[in-house]
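The values are calculated or read from the model by the stated rules, or taken from the named source; none is laboratory data. Since we're looking at a predicted model, the values are computed, not measured. Glycine also receives a Cβ, built like all others from the backbone with ideal geometry; neighbour counts cover every protein chain displayed. With ligands, DNA and RNA removed, areas are computed over all heavy atoms of the protein, side chains included. Shrake-Rupley method; radii C 1.70, N 1.55, O 1.52, S 1.80 Å.
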Amino acid sequence: MKFNGNRLTKKNLFYTASPQIAQKPVKKSKFIRLIKWVGRVFLKMCTILGLLIILSTFISSLTLSFFSKNTPVELPPQIVLQMTLKDSLPEKPQKDPVLAAFGVSKASLYEVINALKTAKTDESISAFVLELRSGNYAPSQLAELREAIVDFKSSAKPTIIYAPSYDTLGVGLASYYLASAFDEIWMQPVGMMSLTGFYAEQPYIKKTMDWLGVKANVFKRKEYKSAMDNMIREEMSPESREAMSTLFGDFHDAMSKAITESRNIDANIFQSYVNTGILTDKEAIDAKLVDRLGYGDELVLELNERLGGTKDELIPYIGLDQYNTYKTHGIISPLQILSQMAKDKLGKSEPNTGEIALIFAQGAIVQYAPNNHGIDFGNSNMIAAERLAEWIYDAARDKAVKTIVLRIDSPGGSPQASETVRRALQRAKDEGKRVVVSMGSMAASGGYWIASVADHIFANEMTITGSIGVIGAKFNLEDLWAKALVNWDAVSTAENANLFSTNVPLSEAGAERYNEMMDVIYDAFVTRVADGRNLSYSSANEIAKGRVWSGKRALDNKLIDSLGGLNATLLWAAKDLGYDTAEEAGIVLMPSPQAGMSAILSLLGVSIGNLVMGGENIKAVNSIMMDSPVKTLVELNQELSHQKALNVYTPNPLR
């Protein structure tokens with residue numbers, strides 16, 4: 001190709017093209033260029049994803065035979081277990097060795113607690129060091145983690161916590177509540193100690209809504225159900241103030257008691273520090289709330305010397321995520337992980353022998369799951385009732401399973417979806433299974449709807465539960481649209497066809513329907529609580545009314561049976577079956593966590609179970625890829641069906 005002025009010519013030995021005048025390029029619109037750019041990026045992503053799949057499959061096959069002939073990796077004889085606490089602690093375990101090895105997934109609260117329990121008796125673990133960063137944790141989560149740390153301390157192995165400042169966990173006394181469980185509390189110089197107690201505030205926007213012309217028709221059962229008070233009131237209601245004051249008072253008392261006992265501080269003196277709010281580094285030292293002002297590198301060197309290490313040979317550290325993967329799978333290397341994963345997926349894993357099925361339910365409750373093709377990084381924010389019910393049914397059908405332990409961490413959601421799950425638990429009981437519930441940070445509204453059917457319910461004393469009520473709302477934006485000079489017109493074929501429209505006022509008949517639905521759902525909720533908890537309807541109604549309770553008060557009100565975290569629940573379930581420990585009874589997670597490579601393959605409609613050993617691997621991959629390249633990606637636009645207008649939901653004031 002030659003370029004001469006405005007002429008383009010193409011020549012070879014046999015042909016000479018006629019000269020053509022180069023056309024002046026037409027400038028394309030920005031939108032067209034954007035579409036083409038997105039298309040190019042999409043094609044590149046598909047290409048890269050395909051290459052990763054083929055490469056991962058090849059590595060798994062290559063390393064399967066190699067590593068199966070070698071002894072597992074062994075930890076050094078002396079090592080320090082280290083954990084960095086930041087962001088959040090998921091409830092549901094990922095247990096995906098591939099994602100954990102590459103730092104994509106993080107250990108759940110359950111896995112952290114079990115890792116500490118294992119490390120307690122592991123002779124290679126010499127100490128535990130936690131670095132505290134910013135994050136958002138429910139008080140009950142911190143209570144369970146704190147209990148596990150106290151248990152680890154009974155091994156006489158040093159426990160040390162380090163943070164630049166103790167003001168990072170966001171909720172009242174949370175940072176120091178966790179820190180007080182450790183043998184030594186280190187803080188960086190110029191750090192701050194926050195002991196502000198609990199504080200919750202909420203904007204009340206009734207006047208704003210009046211000014212905008214938005215009318216809220218709110219129906220609730222009953223006076224303590226305050227989720228939408230900020231839209232219909234100008235200040236907090238007496239019932240809401242009473243409930244919230246009691247709730248946070250319980251949390252404050254529980255944390256203060258644990259802190260003063262662990263640090264051997266007089267309760268009145270500690271309360272004076274709390275009233276002060278924030279202490280400087282020197283004030284924290286003088287108050288004996290902090291043991292050392294120092295830096296991270298100083299901590300490492302000092303602990304190394306204390307444990308018998310030298311400057312030339314520092315005692316190594318292992319992250320808790322990596323330690324958990326090692327103890328679970330006996331491997332650390334990503335290649336070993338892929339090899340072991342291939343073995344498991346090719347049917348060489350042992351059959352289930354556990355008598356306790358452990359199922360996790362975390363997030364808002366909806367009826368159906370989004371189409372995520374099986375990829376779950378352990379941080380799901382919703383409970384899909386149809387999926388959770390299927391897991392429960394699987395456990396009910398498993399002859400080896402005798403007890404189902406359901407861990408609930410949910411503010412509630414759709415009453416219909418909640419009923420779907422409650423029914424599955426009832427069916428499991430009808431099949432002869434014991435059902436035990438462990439409440440996480442919150443099991444309120446729909447979360448308690450599910451829990452009410454259990455044979456035995458555990459909660460932490462700082463779990464938020466109850467909220468037995470229902471709330472719904474219909475907004476009327478008619479005046480707002482009028483201010484914007486927009487007119488809405490419509491046709492209908494029924495009297496209440498516009499019941500859920502936000503563009504027309506709520507009719508008398510519509511309000512009657514809302515109230516009827518409220519009464520029916522509320523009555524069903526209270527009835528299920530009364531039946532499940534062996535209470536009279538009037539007694540259940542008295543502790544219902546939409547009010548939230550701390551776990552401590554819930555025990556007094558017979559909404560739960562025992563105080564304790566997940567490990568206490570599992571131990572109770574094991575002893576109920578006649579065993580001394582949960583390990584003897586055997587615990588099986590349901591569903592079994594899906595390995596990362598299998599999840600990626602499932603994104604393309606490929607099941608790793610279709611792969612076979614030897615030279616047929618490549619043929620299998622090729623045939624599967626030909627049948628199903630990336631076509632399922634277009635299905636990602638499927639929308640999740642949400643229940644309209646009505647919810648049994650409790651907002652978390654701590655997050």
- Item | Residues (at pLDDT 80 or above, among the hydroxyl-bearing types (Ser, Thr, Tyr) and under 27 Å from Asn381 (Cα atoms)) located in the stretch 308-363 | Tyr323
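Residues checked against (1) in contact (Cβ under 8 Å) with a residue 12 or more places away in the chain; (2) assigned to a helix (DSSP H, G or I); (3) open to solvent by less than 20 Å² (accessible area, probe 1.4 Å); (4) not β-branched (Val, Ile, Thr):
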| residue | (1), (2), (3), (4) |
| --- | --- |
| Val453 | yes, no, yes, no |
| Phe458 | yes, no, yes, yes |
| Met462 | yes, no, yes, yes |
| Phe475 | yes, no, no, yes |
| Ala497 | no, no, no, yes |
| Glu516 | no, yes, no, yes |
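Restricting attention to the stretch 283-312, report how many residues are in a helix (DSSP H, G or I), crowded, with 16+ Cβ neighbours inside 10 Å and touching a residue at least 24 places away in the same chain (Cβ under 8 Å). Lay out the reasoning, then the answer.
Residues of the stretch 283-312 in a helix (DSSP H, G or I): 283-286, 296-306.
Now drop any that are not crowded, with 16+ Cβ neighbours inside 10 Å, which leaves 284-285, 299-300, 303-304.
Now narrow it down to the ones that are touching a residue at least 24 places away in the same chain (Cβ under 8 Å): 284, 299, 303.
Total satisfying the criteria: 3.
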- Note on the structure: Checked the stretch 549-560 for anything over 13 Å from Phe251 (Cα atoms) and open to solvent by 10 Å² or more (accessible area, probe 1.4 Å); matches are Leu555, Asp556, Asn557, Lys558
- When residues of the stretch 134-177 are limited to those that are assigned to a loop (DSSP other than H, G, I, E, B) and hydroxyl-bearing (Ser, Thr, Tyr), the one surrounded by the most Cβ atoms within 10 Å (Cβ to Cβ): Tyr137
- Scan the stretch 529-538 and give yes if some residue there is more than 30 Å from Asn487 (Cα to Cα), of a type in the set (A, V, I, L, M, F, W, C), open to solvent by 40 Å² or more (accessible area, probe 1.4 Å) and without any contact (Cβ under 8 Å) to a residue 24 or more places away in the chain, otherwise no. no
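From the list Ala174, Ala163, Ala181, which residue is under 29 Å from the mean Cα position of the chain (by Cα), modelled with pLDDT of 95 or more and more than 30 Å from Met518 (Cβ to Cβ)?
Ala181 is the lone residue from the list that is under 29 Å from the mean Cα position of the chain (by Cα), modelled with pLDDT of 95 or more and more than 30 Å from Met518 (Cβ to Cβ).
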- Message: Can you pull out every residue in the stretch 114-130 that is of a type in the set (S, T, N, Q) and either open to solvent by less than 10 Å² (accessible area, probe 1.4 Å) or in a helix (DSSP H, G or I) (or both)?
- Response: Asn114, Thr118, Thr121
- Note on the structure: Taking the stretch 581-602 and keeping residues open to solvent by 70 Å² or more (accessible area, probe 1.4 Å) and either at pLDDT 95 or above or closer than 18 Å to Arg407 by Cβ (or both) leaves Glu583, Ser592
- Item | Matching residues, the stretch 386-414, being of a type in the set (A, V, I, L, M) and either crowded, with 16+ Cβ neighbours inside 10 Å or touching a helix residue (DSSP H, G or I) at 6+ places or on another chain (Cβ under 9 Å) (or both) | Leu388, Ala389, Ile392, Ala395, Ala396, Val401, Ile404, Val405, Leu406, Ile408
- Task: Within the stretch 416-448, work out how many residues are assigned to a helix (DSSP H, G or I) and open to solvent by less than 10 Å² (accessible area, probe 1.4 Å).
- Result: 9
